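A short reminder: the numbers here are calculations on the coordinates, not readings from a lab. Source: prediction; values computed, not measured. Here the Cβ positions follow ideal geometry from the backbone for every residue, glycine too, while neighbour counts run over all protein chains shown.
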Amino acid sequence: MVPTYEELIQNLVDAVNQEGDSKWKQAESMALLVHRHQVKPGQVASEVGCSSEKVRQYVKAAIAFYDPDTRAQDLSMRHHIIAADTEDPEATIQEALEQGWSTRQMTQALKGEGEEQPLKKAQKIFKDLCELVEQDEYPGQWLKEQVHTLALSW
């Protein structure tokens, strides 16, 4: 049986005042309120004293990691919220755990930023350069001349 609105709100208020696993209790209660009881995130937020954005993020994380066995106990709720926004949240959270990513590092890695970004950018430029040079049209010829001139200056 699905808990009543009042029971869920009380669970949520109790959970907000605790730490640790209570964030998952909050997320699960928020998900039930929003999806089963059709309560808008803004209403849940005003009832428990948090932002509606937090409610939406927690709901998304609760859905993505509904099975407690898929949650990384050594990572924060913020890690799970970030992972919930990916195509494969479980694989993403596992990678974050294996890599020992902070939430900042995780966000950068998912956006393709960080230490590998300059290499990826260079690889893309080189690929685009090769495609243009292979063309027999004017842009390809012009680019060949420019690269040759640049190479001579090194």
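For the chain, find the longest principal axis of its Cα atoms and tell me its angle to the long axis of helix 22-35, 0 to 90°, nearest 10. Between the helix axis and the principal axis of the chain, the angle is about 90 degrees. Compute the separation of the alpha-carbon centres of region 135-154 and region 1-54 and state it in Å as a whole number. What the calculation gives is 62 Å, centre to centre.
Computed 3J(HN,Hα) for region 63-73, one whole-Hz value per residue from the Karplus formula 6.51 cos²θ - 1.76 cosθ + 1.60 where θ = phi - 60°, is 6, 5, 10, 4, 8, x, 5, 8, 7, 8, 4, glycine and proline marked x. When the Gaussian network model of the chain links Cα atoms closer than 10 Å, the mean-square fluctuations of Asp88, Asp128, Asp74 top out at Asp128. Report, in listed order, any pair from Lys124/Lys144; Lys54/Lys111; Lys40/Lys60 with a Cα-Cα distance greater than 19 Å. Lys54/Lys111, as the Cα separations exceed 19 Å there. For region 12-83, the set of GluC sites (Glu not before Pro) satisfying both a DSSP loop assignment and a count of at most 16 other C-beta atoms within 10 Å is given as Glu19.
Just from its helices, what would the mean residue ellipticity at 222 nm be for the chain, if runs of 4 or more DSSP H residues each count -39500 (n - 2.57) and the sum is divided by every residue, rounded to the nearest 500 deg cm²/dmol?
Details: 9 runs with 109 residues, N = 154.
Calculated at 222 nm, the ellipticity per residue is -22000 deg cm²/dmol.
The angle between the Cα long axis of helix 5-16 and the longest principal axis of the Cα atoms of the chain comes to about 60 degrees, rounded to the nearest 10.
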